[in-house]
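Enquirer: First, the structure itself, so that you have it in front of you.
Quick note: the coordinates plus some simple rules give every number you see, no bench work behind them. Remember, predicted model here, so these are calculated numbers, not experimental data. Here the Cβ positions follow ideal geometry from the backbone for every residue, glycine too, while neighbour counts run over all protein chains shown.
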There are 2 protein chains.
Amino acid sequence: MATIRDVARLADVSVATVSNVLNSADRVSPELSARVRAAMEKLSYTPHAGARSLRKRSSGLIGLVVGDITNPFFSDLFEAVEDAAAACGYLVLLCNSNERSEREEAHLRMLRTQRIDGLILAPTGAVSMNRASLLAQLEVPVVLVDRAMEGLGYDAVVLDNRCAGFEATQHLIACGHRRIGLVNGPEVFRTAAERLAGYREALLAAGLSFDPALVRDAGFRKQPAEQAMAELMALAEPPSAVFATNNLMTIGVVKALADRGLSCPQDVSVIGIDDLPWADAVSPRLSAIAQPVRAMGEAALELLIRRLAGTLNGPGTTTVMAPRLVIRRSCGAPASGKPAHVD
Amino acid sequence: MATIRDVARLADVSVATVSNVLNSADRVSPELSARVRAAMEKLSYTPHAGARSLRKRSSGLIGLVVGDITNPFFSDLFEAVEDAAAACGYLVLLCNSNERSEREEAHLRMLRTQRIDGLILAPTGAVSMNRASLLAQLEVPVVLVDRAMEGLGYDAVVLDNRCAGFEATQHLIACGHRRIGLVNGPEVFRTAAERLAGYREALLAAGLSFDPALVRDAGFRKQPAEQAMAELMALAEPPSAVFATNNLMTIGVVKALADRGLSCPQDVSVIGIDDLPWADAVSPRLSAIAQPVRAMGEAALELLIRRLAGTLNGPGTTTVMAPRLVIRRSCGAPASGKPAHVD
DNA sequence: TGCGCTTGCGAAATGCATTTCGATCCGCAA
DNA sequence: TTGCGGATCGAAATGCATTTCGCAAGCGCA
C-alpha cells in the first residue's frame, strides 16, 4: 500500500508538501497541489489513520455506546449520530453492551485504546464508581443521552420524562379511565422514576388516587412486561388502561392482552413511550409518546463537537427535549362493565 | 496519557519487555511480568491503537457495512457480528449507508484509511465497477452477506431465497389460496429474483398459473409496498393472499390492508420474509419466513476470521442458509366470496 | 540595482508501540 | 575454574503522517 513518501516521490515534492495538500490546502500552490493530487490518484493513496492519530492528538473517532442496538430507539439514535458526525468529519464507533455492564466497561476500555475524541453514552444500569473512573480516564468530552448520570458534570440530552409520563396518563384520563396501570422500568433509573412522577402528577391533577398495586417494574423488557400485564389483569379490580414506559414493554403488554383474548382498546387501552414504524400498520394502532430521537442524537453530537472545538466550556448542561403525544387508536373509552375475563 | 516508556521506566525494565508482557506473555518471566503489570495498572496505561496498527500490519478492526441499521435484520446482524468479533478480539466498525451508494463508497474509502483487517458487506444497489475497485483496493478479505455479488470471488452468506419464496407461497397455497400477490424488491437484486423464482415454482408445483399482474416491485421499502398493495387490491380480481419479500414491505402491506378496512387473514392472508419481535404480539400475528440472522452473522465472521488466519484459501465460497417457516395467524383460508371492497 | 519581506517548499524531529537482533546472566557440565 | 546452552532482557530500527522551522525564491519598493 502506498505511503505518503511514495506520493511525494512520484509528484517530485517533499512529504511535507503532500501532507499540506491533504491538511492545509491553502499552504500549497494550485499547480503543485494538482500534481500531488494526481500522484495520489495514480497510487490510489489513502492516508493511514493510525499514523495520523499518532501524530495529531486526535483520531477522528467518536464512541457511541448503547445498551441494545436492536431496540429501534438506539438504532435510530445511531443513525442520527452517524449522519451528524459524518457531516463533521467524524467516524462513529458503535458499541453494543447488550445491557451488561461488564461489556460496557470492556467497551469503554477499548474506546480508550482507540483514543476516541469524544463519547456519547447511553448508560446501562446504575452508575458505579468503576464506570465513573473509566469515563474519567478517557480524558475526552462525554455526552450522556437518554439517561443522565448525576454529579459527574457531563452534558446530557434527555427526554422530559415527567412530562412524558404526565401526558400519557392525562391522555388516558381524558379518555375516561380511572384505573390506569403503569408498567414501568426500575425506579433506580431516573427515567423510570420521572415517568412515574409524571404519572402520579396526572392522577393527582385529575383527582384520582394513586394505587401502588397498579404499578409494576418490568425492567424495561418485553418478557417481564408480559408477566406484569398478566398480573395486572388478574387483579380483583384490573385497570381499564395501561401505560408502558418503553417500546419493548409496550409490545409485552399488547401481547399479554392478545394472549388473554382481550382486545385493545375495547377491553383495555394502551399507550406506550417510543413511537415505532409499524405502530400505525398493525392492530391496535398504537398511541404513543414519541421521543424526538433524531433531534436527541443531533443535539448530543453538537454538544460534543462544541466541547471539542472549545466553543463550549464549563460545567455540564442538561438539554431536555419535549415528548410528543401521537394519538392513534389504542386508547378509547373504558368498557362500561368489567372487561371480559378470559383465563 | 501514559506511554509504554512511562510504564517501562516505572517498572524499571525496557519498553521491549513491556511490549512482550502485552503481546507474547510467555517470553517474560512471571515476576517481571507482574511488576510490569502493576506499573501499567498504576499509570492506568492503555496502548495506543494507532501506534500499534502502524507497527503491526493490522488494526484489529473489522468493517460491517449495511444499508439500513434501523432495519431489524441489520441491527440483529450487527449484534451477531459484534458478539462473535469481540470473542476473537476484533472491534467492528459499523457503517450505515442509508441505502445510498455514494455513502457506501465514502464509507469504503474511510474503512481503507482505517486499515481494517476485513470487511463484511451487505451490498446496497447494483455492483458498479467503482465499488468493485474500492473493494479490491481495501486489500483485505471481504465476506458478503444477504446479497451476493457475482464474479468477484468473495465469500458470501445468503439465505436460500428460492426456498424462502417457495415455502412462503406453498404455505399460502396450502391454505387454499389460488391468487397470490407478490410484493417483491427490484429483480436486479438476486435476492428478489430468487424469491420470485421460488414463488413461481410453488405456483407451478401446485398447477397454478403465474400472473404477472400480481407481482409488484416495491423497492424493498414500506411506502412503495403500501402503494403496491393498494394497486393489487384495486385489481378486478384482487389476490386473496399476499407474500411480501422483506420486513419493511410486510409492514406496508399490512398497513394498506388496515387502511382499506380489510382484515387479515379474514379478507386477505399475508406472509412476509423476516420475523420480527412484535410479530406475535399484534394483530395480525404475522406468519413469516424467518431468516437465521444470528447464524448468518456468525458464519460471515467465521469465514472472515478463517481468511485472516489463512486457514481458508482459494476462491470464494457461498454459504446458503435455510429459511424457517413460522406459522402464526396471518394466513387463513380465502374468503368464500370476493373480499369486501372498501374505497 | 539592491534590500527586505512574503510565500512556498523541504529537512528533520516527533508521536507510540513492535520487533529484530545482539547482549547478558543463569546454571550446569567438563 | 572455564565454557556453553538457554533463558531473559534491552537498544535501536521501523512504520506513517504531521508539523515546526529554516531556507530560498520571487516580489515590491526605494
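Enquirer: Which distances in nm, rounded to one decimal and ordered from shortest, link the label point of residue B:190 to the equivalent label points in the other identical copies, with labels set 7 Å from Cα toward Cβ?
Expert: Sorted ascending, the copy-to-copy spacings read 5.1 nm.
Enquirer: Next question, about the same structure. May I ask for the net charge around residue A:7, where only other residues with Cβ less than 14 Å from the Cβ of residue A:7 are counted and Lys, Arg are +1 while Asp, Glu are -1?
Expert: +2
Enquirer: Among the helices of chain A (complete DSSP H runs), which have Cα atoms covering no less than 15 Å along the helix axis and a Kyte-Doolittle mean of at least 0.0?
Expert: The qualifying helices are A:72-87, A:247-259, A:293-309.
Enquirer: Any idea what % of Cα-Cα pairs in chain B are farther than 34 Å?
Expert: Value for chain B: 39 percent of Cα pairs lie more than 34 Å apart.
Enquirer: GNM on chain B, C-alpha springs below 10 Å: top fluctuator among B:125, B:151, B:332?
Expert: The residue with the greatest mean-square fluctuation here is B:151.
Enquirer: Of A:171, A:48, A:107, which has the largest mean-square fluctuation in a 10 Å C-alpha GNM of chain A?
Expert: Comparing A:171, A:48, A:107 in the GNM, the peak value goes to A:48.
Enquirer: Oh, and also: Report the one residue of B:196, B:212, B:299 whose Cα lies farthest in the direction of the positive end of the charge dipole of segment B:196-307 (charges on C-beta: Lys and Arg +1, Asp and Glu -1; origin at the Cα centre).
Expert: Checked the options; the winner is B:299.
Enquirer: Would you mind checking the pairs A:222/B:255; A:222/A:255; B:222/B:255 and listing those with alpha carbons more than 21 angstrom apart?
Expert: Cα-Cα > 21 Å for A:222/B:255; rest within.
Enquirer: If you don't mind, there's one more thing I want to ask. Label position 7 Å from Cα toward Cβ: report the copy-to-copy distances for residue B:139 in nm, one decimal, ordered from shortest.
Expert: 3.2
Enquirer: Ok, one more. With +1 assigned to the C-beta of every Lys and Arg and -1 to the C-beta of every Asp and Glu, and no other charges, what is the dipole magnitude of segment B:161-291 about the Cα centre in debye, to the nearest 20?
Expert: For this selection, approximately 40 debye.
Enquirer: How large is log10 I(q)/I(0) at q = 0.18, 0.27, 0.30, 0.32 Å⁻¹ when the Debye formula is applied to the Cα atoms of segment B:129-171, each weighted equally and without solvent?
Expert: -0.61, -0.96, -1.07, -1.14
Enquirer: Counting just the Cα atoms, what span does segment B:1-76 cover along each of its three principal axes? Round to the nearest Å and put the largest first.
Expert: For segment B:1-76, the Cα extents along the three principal axes come out at 53, 25, 22 Å.
Enquirer: May I have the extent of the alpha carbons of segment B:1-155 along their three principal axes, as whole Å values ordered from largest to smallest?
Expert: 58, 30, 27
Enquirer: When you have a sec, figure out the Kirkwood radius of the protein assembly as shown from all distinct Cα pair distances and drop it here in Å to one decimal?
Expert: After inverting the mean inverse Cα-Cα distance, the result is 27.6 Å.
Enquirer: Give the long-range amide H neighbours of residue A:268: residues separated by 5 or more places, or on another chain, with amide H under 5 Å away, using H modelled in the peptide plane at 1.01 Å from N.
Expert: Amide H neighbours of residue A:268: A:263.
Enquirer: How long are the semi-axes of the equivalent ellipsoid of segment A:161-291, taking √(5λ) for every eigenvalue λ of the Cα gyration tensor, in whole Å from largest down?
Expert: Calculated on Cα positions only, the semi-axes equal 19, 16, 15 Å.
Enquirer: How big is the charge dipole of segment A:4-47 about its Cα centre, in debye rounded to the nearest 20, if each Lys and Arg gets +1 on its Cβ and each Asp and Glu gets -1 on its Cβ?
Expert: 80 debye
Enquirer: In addition: Let me check I've understood the local charge: for residue B:324, count other residues with C-beta under 12 angstrom from its C-beta, Lys and Arg +1, Asp and Glu -1. What total comes out?
Expert: Summing Lys and Arg as +1 and Asp and Glu as -1 gives -4.
Enquirer: How many percent of DSSP beta bridges within chain A run antiparallel, rounded to 5?
Expert: Counting DSSP beta bridges with both partners in chain A, the antiparallel share is about 10 percent.
Enquirer: Another question, if that's okay. Please report how far the C-alpha centroid of segment B:161-185 lies from that of segment A:147-216, rounded to the nearest whole angstrom.
Expert: Here the two parts' Cα centres lie 46 Å apart.
Enquirer: Could you compute the net charge surrounding residue A:122? Neighbours are other residues with a C-beta less than 9 Å from the C-beta of residue A:122; K and R count +1, D and E count -1.
Expert: 0
Enquirer: Show which aspartates and glutamates lie in cross-link reach of residue B:42 when reach means a straight Cα distance below 17 angstrom and same-chain residues fewer than eight apart are skipped.
Expert: Within reach: A:139, B:6, B:12, B:31.
Enquirer: Among A:143, A:21, A:270, which one shows the biggest mean-square fluctuation in a GNM of chain A, springs joining Cα atoms closer than 10 Å?
Expert: A:21
Enquirer: Stokes-Einstein at 25 °C, 0.890 mPa s, Kirkwood radius from Cα pairs: D for segment A:183-227 in µm² s⁻¹?
Expert: D, rounded to a whole number, is 222 µm²/s.
Enquirer: Which value, to two decimals, describes the C-alpha radius of gyration of segment A:4-47 once divided by 2.2 N^0.38 Å?
Expert: 0.95
Enquirer: Taking the dipole about the Cα centre of segment A:150-302, with the C-beta of Lys and Arg at +1 and of Asp and Glu at -1, give me whichever of A:246, A:186, A:233 is farthest to the positive side.
Expert: After comparing all options, I get A:233.
Enquirer: Mind jotting down the distance between the C-alpha centroids of segment B:90-142 and segment B:1-55, whole Å?
Expert: 34 Å
Enquirer: Here's a follow-up. Which distances, shortest first and in nm, link residue B:9 to the matching position in the other copies, using label points set 7 Å out along Cα to C-beta?
Expert: Counterpart label points of residue B:9 in the remaining copies fall at 3.7 nm.
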